[in-house]
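The values are calculated or read from the model by the stated rules, or taken from the named source; none is laboratory data. Because the structure is a prediction, the values reported are computed rather than measured. No Cβ is skipped: glycine too gets one built from the backbone with ideal geometry, and neighbour counts run over all protein chains shown. These accessible areas exclude ligands, DNA and RNA; they are computed on the full protein's heavy atoms, side chains included. Shrake-Rupley method; radii C 1.70, N 1.55, O 1.52, S 1.80 Å.
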Amino acid sequence: CHAISKTKVAAAISVTYLNLYEDAIVVTTAPGNRQIEKLLWKEIREIYMRVSSELRGTCLQVEIKCNPESYMIGFATDNATRVEGWHSAHILFILDEAKGIPQWVYDALEGSMSGQAKMLEISTTDGADQQAPFRKHHIDKRKEWKCINMSAWDSPFINPAKVKKEYRKYLNKELYKY
């Protein structure tokens, strides 16, 4: 579903994780700089503007530094060397617009997925190539991933009474299960 606050929730999770552990590293990425700077990090900066006195570190454009072992960073997945080599006892990867992230990014991140490492993928599925890693996680590898599906009908922004008559047959949430 579009406009259901996936990015806002991912921002809140990333800030919470960074502030939960003294040695936390949060790596945020997306296919393009616009998604990082103007969408995900816009939400992160807004959280820091509202409650910065209660949070660790200083929020910059796409980076928060708490100490040398604890920080959050954002970048586009257009450069393989940025993706590799992240290690910490507590690391979280946020993949925004995951349907556009290529397999080599997942391969590069796999080396960092040890210990308490976590990964959050968020995306809509429309327009996603059937072979996209994000799509495969929700179909082929569903048992390996905790998947949360949200249909447009779950959104507080959608009023079923105002949906065009020809689309009302899709109000059955079971159709949106996968």
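General observations
- Breaking point among (1) open to solvent by less than 90 Å² (accessible area, probe 1.4 Å); (2) assigned to a helix (DSSP H, G or I); (3) modelled with pLDDT under 75, for TYR167: (1)
- Matching residues, the stretch 11-36, being surrounded by fewer than 21 Cβ atoms within 10 Å (Cβ to Cβ) and at pLDDT 90 or above: ALA12, ILE13, THR16, TYR17, ASN19, LEU20, TYR21, GLU22, ASP23
- Each residue in the stretch 71-121 was checked for being of a type outside the set (Asp, Glu) and closer than 22 Å to THR7 by Cα, and 28 pass.
- The residues in the stretch 63-77 that are under 8 Å from THR29 (Cα atoms) and in a loop (DSSP other than H, G, I, E, B) can be counted, and the count is 1.
- Residue check for LYS6: under 22 Å from SER155 (Cβ atoms), at pLDDT below 90 and open to solvent by 10 Å² or more (accessible area, probe 1.4 Å): yes
- Yes/no for VAL83 being surrounded by 18 or more Cβ atoms within 10 Å (Cβ to Cβ), among the aliphatic types (A, V, I, L, M) and at pLDDT below 90: yes
- Filtering the stretch 16-35 to residues that are farther than 17 Å from GLU84 by Cα and among the β-branched types (Val, Ile, Thr) leaves only THR16.
- Identity of the residue in the stretch 37-49, touching a residue at least 24 places away in the same chain (Cβ under 8 Å) and of a type in the set (A, V, I, L, M, F, W, C), that ends up most open to solvent (accessible area, probe 1.4 Å): LEU39
- Restricting the stretch 100-117 to residues that are part of a helix (DSSP H, G or I) and open to solvent by less than 50 Å² (accessible area, probe 1.4 Å) leaves a set whose member that is nearest to LEU18 (Cα to Cα) is LEU109.
- Any hit, the stretch 72-85, residues being under 22 Å from LEU39 (Cα atoms) and touching a Cys at 6+ places or on another chain (Cβ under 9 Å): yes
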